[in-house]
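Participant: The following block contains the structure, expressed as structure tokens.
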Amino acid sequence: LGAQDGRPNDQRDLAVAEGIVETCFQMYARQPTGLSPEYAQFARAQNDFQVPSNAKYNILRPEAIESIFYLHYYTRKPKYRDMGWAMWQAFEKWSRTDSGYAAIPNVLDTTGRQEDKMESFWLAETVKYFFLLFDPTDPIRLEEYVFNTEAHPLRILRQPREELLGRFYGIADADPADGNESRRDGGGT
């Protein structure tokens, strides 16, 4: 988002974001299941990453698809939908159950073993970002909304700070500089 504000480093910041998202996607694409491990360790000598033995699991986290959604929204590059589709297909193949989606204990194991758990953020965040990535109508315009940490859209308020404070606190003249605010109900502050 910071790469879309008209500042001098926008293109540099966007290039960095695209590189990070490519790395996140490769954490999915390079696994036999197509699902990302919990984390990877970068092996600088090999210019690559490795999956530590205690990080082979996937619990359906949203962060990678969230980042892909943002980059697609701002760049409109089809490759981001392609990345998202590959990830979705992997979740469908390896995580889907008769009653939901399951965490995977080992993304390197293609025997189809699943854990009997589905984190709440799968539906609340991960699936929401997949939906938003593939919906051609852009139902939530990022020029008008921002997502909180739980992927709930909140309308961006465009009113001056003083007017918002006045409405929220019932203050007629909300000028914090003068320290002499009067409440609409006639009482002092």
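The values are calculated or read from the model by the stated rules, or taken from the named source; none is laboratory data. Computed from a predicted structure; not experimentally measured. Here the Cβ positions follow ideal geometry from the backbone for every residue, glycine too, while neighbour counts run over all protein chains shown. Ligands, DNA and RNA are excluded from the accessible area calculation, which covers all protein heavy atoms including side chains. Shrake-Rupley method; radii C 1.70, N 1.55, O 1.52, S 1.80 Å.
Participant: When Glu63 is evaluated against the numbered criteria (1) open to solvent by less than 90 Å² (accessible area, probe 1.4 Å); (2) closer than 22 Å to Leu108 by Cα, which criterion, by number, is the only one it fails?
Facilitator: (1)
Participant: For the structure I just gave you, tell me whether Tyr57 is within 30 Å of Asp116 (Cα to Cα), out of contact with any Phe, Trp or Tyr (no Cβ under 8 Å at 6 or more places or on another chain) and aromatic (Phe, Trp, Tyr). Working first, answer last.
Facilitator: Numbers: within 30 Å of Asp116 (Cα to Cα): yes; out of contact with any Phe, Trp or Tyr (no Cβ under 8 Å at 6 or more places or on another chain): yes; aromatic (Phe, Trp, Tyr): yes.
So Tyr57 passes the test.
Participant: Moving on to the next point. For region 1-106, which helices (runs of 4 or more DSSP H) that fit wholly inside it have 3 or more residues that are farther than 29 Å from Ser120 by Cβ and aliphatic (A, V, I, L, M)?
Facilitator: On the way: elements: 10-29, 63-75, 78-94.
Helices (runs of 4 or more DSSP H) meeting the threshold: 10-29.
Participant: Still on this structure: Hey, any hits in region 91-101 for a residue that's touching a residue at least 24 places away in the same chain (Cβ under 8 Å) and farther than 17 Å from Tyr129 by Cβ? Step through it out loud before you land on a result.
Facilitator: Taking region 91-101 as the starting set, the residues that turn out to be touching a residue at least 24 places away in the same chain (Cβ under 8 Å) are 91, 93-95, 101.
If we keep only those that are farther than 17 Å from Tyr129 by Cβ too, we end up with 93-94.
Within region 91-101 (the criterion being touching a residue at least 24 places away in the same chain (Cβ under 8 Å) and farther than 17 Å from Tyr129 by Cβ), the answer is yes, since at least one residue qualifies.
Participant: Follow-up. Could you list all residues from region 1-27 that are at pLDDT 95 or above and either among the acidic types (Asp, Glu) or surrounded by 16 or more Cβ atoms within 10 Å (Cβ to Cβ) (or both)?
Facilitator: Glu18, Val21, Glu22, Cys24, Phe25, Met27
Participant: Moving to a separate point now. Step by step: first the residues of region 28-60, then only those that are out of contact with any strand residue (DSSP E or B) (no Cβ under 7 Å at 6 or more places or on another chain) and among the hydrophobic types (A, V, I, L, M, F, W, C), then the one that is least open to solvent (accessible area, probe 1.4 Å). Which residue is that?
Facilitator: Ala55
Participant: Taking Thr137 as the residue in question, decide whether it is in a loop (DSSP other than H, G, I, E, B), under 24 Å from Phe25 (Cα atoms) and open to solvent by 80 Å² or more (accessible area, probe 1.4 Å). Explain how you work it out, then say what you get.
Facilitator: Working: in a loop (DSSP other than H, G, I, E, B): yes; under 24 Å from Phe25 (Cα atoms): no; open to solvent by 80 Å² or more (accessible area, probe 1.4 Å): yes.
Here the answer is no, as Thr137 does not meet what is asked.
Participant: Right, something else. Just to be sure, is Phe121 open to solvent by 30 Å² or more (accessible area, probe 1.4 Å) and of a type in the set (Phe, Trp, Tyr)?
Facilitator: Against the criterion (open to solvent by 30 Å² or more (accessible area, probe 1.4 Å) and of a type in the set (Phe, Trp, Tyr)), Phe121 qualifies.
Participant: Determine which member of the set Glu150, Glu162, Glu143, Glu115 is part of a loop (DSSP other than H, G, I, E, B), in contact with an Asp or Glu (Cβ under 9 Å, 6 or more places away or on another chain) and surrounded by fewer than 17 Cβ atoms within 10 Å (Cβ to Cβ).
Facilitator: The match here is Glu150.
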